[in-house]
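The values are calculated or read from the model by the stated rules, or taken from the named source; none is laboratory data. Every value quoted in this text rests on a predicted model; they were computed, and no experiment measured them. With ideal geometry, Cβ positions are generated from the backbone for all residues, glycine too; neighbour counts draw on all protein chains shown. Only protein heavy atoms, including side chains, enter the accessible area calculation; ligands, DNA and RNA are left aside. Shrake-Rupley method; radii C 1.70, N 1.55, O 1.52, S 1.80 Å.
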Amino acid sequence: MSQKQLKEAFISNLNGTSLLEISAGLSLPPLCLLCRGLLLILHYLHHGKPVSSRKNSLLLDFLVLVSPLVFSCTVLSPIIFFIPFILAAFCAGIFFKIYSQRKREARAPFGQIVKEFQEACLDPECIPAITVFRVYVNVLTSISILAVDFPQYPRRYAKAETYGTGVMDLGVGAFIFGNALVCPEVRQKSHRTQPRFSSLARQVFSVWPLISLGVGRLLSVKSIEYHEHTSEYGVHWNFFFTLALVRLAASVLLAIFPKEKAWLVAVALAVLYQLLLSTTPLKTFILHGSDGRGSRLGFLDANREGLLSLFGYLAIYLASVQVGQWLLQRRSSVRGWLGALKGLALAVLALWVLLQLCQACTEPVSRRMANLPFCTWVLAHCLLLLGFFVLTDLTLVFTQLLVKGSSVPCCWKVVQPPDSRKKQGMEATPVGRQDKLSQLCLISAINKNQLLFFLLANVMTGAVNILIDTIHSKAAFTLCILHLYMFFNCLIMYILHARNIVLKFW
């Protein structure tokens, strides 16, 4: 077999992993974020000032936010169920150290601290959990697209061939989910006062970078005979095209139907698509082609997975629009977000039950078809991860109240209770040094240029695969390559962020 055939066989005919293992892996990014925040608060407690060196800030962020994820999906994957407990114990140790070493004048009864925490006001204009979710989906995707070509990356984490739940299968759906959370339809406050089709032309124009990237990837892959998994999207299709078409179709549907009813459209679309899969020859066509033997004749036949899975991805996008609207409802207090966290937990529980029913009554999860179980699974795990991030942010808010003046970048800004400010005739103001710290944050850096980060990761992945025999690499060499690859990508984003450069002109 040629090198191309070897690499294609290496990522083909896989069956995914268990839902429990994926859930355990999803707990790692929030724990890394919590660990970073607690370390910064502890540093402030001891030195009376935040980390001021940009180099130290970058190294800390990379070592705590990114490096553990590289290890957990490679050499530490056999003990993936123990890693969350180890990180949680480490975070608990830091927290108790902060709690015990507070300044005497700042010490208050624990009950009073809890009461202040529940009544604390948060900046209602920013929901850091959404930003962190989108950044971490990008980071995890960037790690996986290169790591999957190395033998240290478990085959069960890679995309499943037909049925199954691989980590990378979830990544595809999570990308759609994250994009929908901040789509114009969600962020547009004056939607009701504007004509429904007024922004549709703008949306058509805004997807041209994705289409250009899709065309660029298609031409480059075919020209250098780069290895590709044909049954993933088809012969000519790729994920950039899926992102562009889903966004366009969603904009059209949201211009026709009220965005407050987006979840109804999503349910109708997903159920109708599943009925077609179950009652017509559509499923056979997707899996086996027009002749039943895997033919790739004609554009539709050649790209059947990518084209027909658009219905499932569109349902995920529309449901995520509804989630985005719910999250952006004005909640200015910790108490309000504790209620929202309870709502997220109930939604995850309901979706888990629905997932079991869908699989029992229809078929297993299939990313290749983007069937109803796949849509349900993606929404359940994305809401679970989002809930983890909200819980992490609230924990860091509580810890900041223990150490007056401390703050954490990409975490909620704590503002003084409005009642106490009104007595002085003043408005609520942020506490801490968030503006200064926000300039020293890897999450903010990646968030500013997310599409560039994803594109750079794809280019670097291709370069590494061309230059290195990844399939026969040893563990130490694999870890070095993955760390250098991720650090280079993060460093570019950090430099652009430090110079306040945002490469977006559409």
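Tabulated data for the structure shown
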{"quantity": "Hey, residue 71 among the aromatic types (Phe, Trp, Tyr) and open to solvent by 60 Å² or more (accessible area, probe 1.4 Å) or not", "calculated": "yes"}
{"quantity": "Count of the stretch 295-315 residues which are assigned to a loop (DSSP other than H, G, I, E, B) and charged (D, E, K, R)", "calculated": "1"}
{"quantity": "So residue 95, is it of a type in the set (Phe, Trp, Tyr) and without any contact (Cβ under 8 Å) to a residue 40 or more places away in the chain", "calculated": "no"}
{"quantity": "Those residues of the stretch 137-156 which are assigned to a helix (DSSP H, G or I) and open to solvent by 10 Å² or more (accessible area, probe 1.4 Å), in sequence order", "calculated": "137, 140, 141, 144, 145, 155, 156"}
{"quantity": "Looking only at the stretch 258-294, and only at residues there that are open to solvent by 10 Å² or more (accessible area, probe 1.4 Å), among the small types (Gly, Ala, Ser) and part of a loop (DSSP other than H, G, I, E, B), the one that is modelled with the highest pLDDT", "calculated": "290"}
{"quantity": "Qualifying residues in the stretch 325-381 (those that are touching a residue at least 60 places away in the same chain (Cβ under 8 Å) and open to solvent by 70 Å² or more (accessible area, probe 1.4 Å)) - the one farthest from residue 128 (Cα to Cα)", "calculated": "335"}
{"quantity": "Residue list for the stretch 462-481, filter: closer than 23 Å to residue 220 by Cβ and either surrounded by fewer than 17 Cβ atoms within 10 Å (Cβ to Cβ) or within 25 Å of the chain's Cα centre (by Cα) (or both)", "calculated": "462, 463, 464, 465, 466, 467, 468, 469, 471, 481"}
{"quantity": "The stretch 25-62: number of residues that are within 25 Å of residue 485 (Cα to Cα) and touching a Pro at 6+ places or on another chain (Cβ under 8 Å)", "calculated": "4"}
{"quantity": "Selection count, the stretch 482-500, where residues are open to solvent by 30 Å² or more (accessible area, probe 1.4 Å) and in contact (Cβ under 8 Å) with a residue 24 or more places away in the chain", "calculated": "6"}
{"quantity": "Filtered residues of the stretch 229-249 (kept if over 19 Å from residue 207 (Cβ atoms) and hydrophobic (A, V, I, L, M, F, W, C))", "calculated": "235"}
{"quantity": "Cβ pairs under 9 Å, 6+ apart, first in the stretch 63-78 and within 14 Å of residue 146 (Cα to Cα), second among the aromatic types (Phe, Trp, Tyr)", "calculated": "69/136; 73/153; 73/157; 74/150; 74/153"}
{"quantity": "In the stretch 11-50, the residues that are in a loop (DSSP other than H, G, I, E, B), out of contact with any Asp or Glu (no Cβ under 6 Å at 6 or more places or on another chain), farther than 19 Å from residue 140 by Cβ and open to solvent by 30 Å² or more (accessible area, probe 1.4 Å)", "calculated": "15, 48, 49"}
{"quantity": "Residues of the stretch 41-68 that turn out to be in contact with a helix residue (DSSP H, G or I) (Cβ under 8 Å, 6 or more places away or on another chain), closer than 16 Å to residue 409 by Cβ and not hydroxyl-bearing (Ser, Thr, Tyr), as a count", "calculated": "12"}
{"quantity": "Output for the stretch 441-481, where each listed residue is in contact (Cβ under 8 Å) with a residue 40 or more places away in the chain, outside any helix (DSSP H, G or I) and out of contact with any Leu (no Cβ under 8 Å at 6 or more places or on another chain)", "calculated": "441, 469, 473"}
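Let's see how each residue does on (1) among the acidic types (Asp, Glu); (2) modelled with pLDDT of 90 or more; (3) under 27 Å from residue 479 (Cβ atoms); (4) touching a His at 6+ places or on another chain (Cβ under 7 Å):
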position	(1), (2), (3), (4)
137	no, yes, yes, no
142	no, yes, yes, no
145	no, yes, yes, no
170	no, yes, yes, yes
173	no, yes, no, no
204	no, no, no, no
219	no, yes, no, no
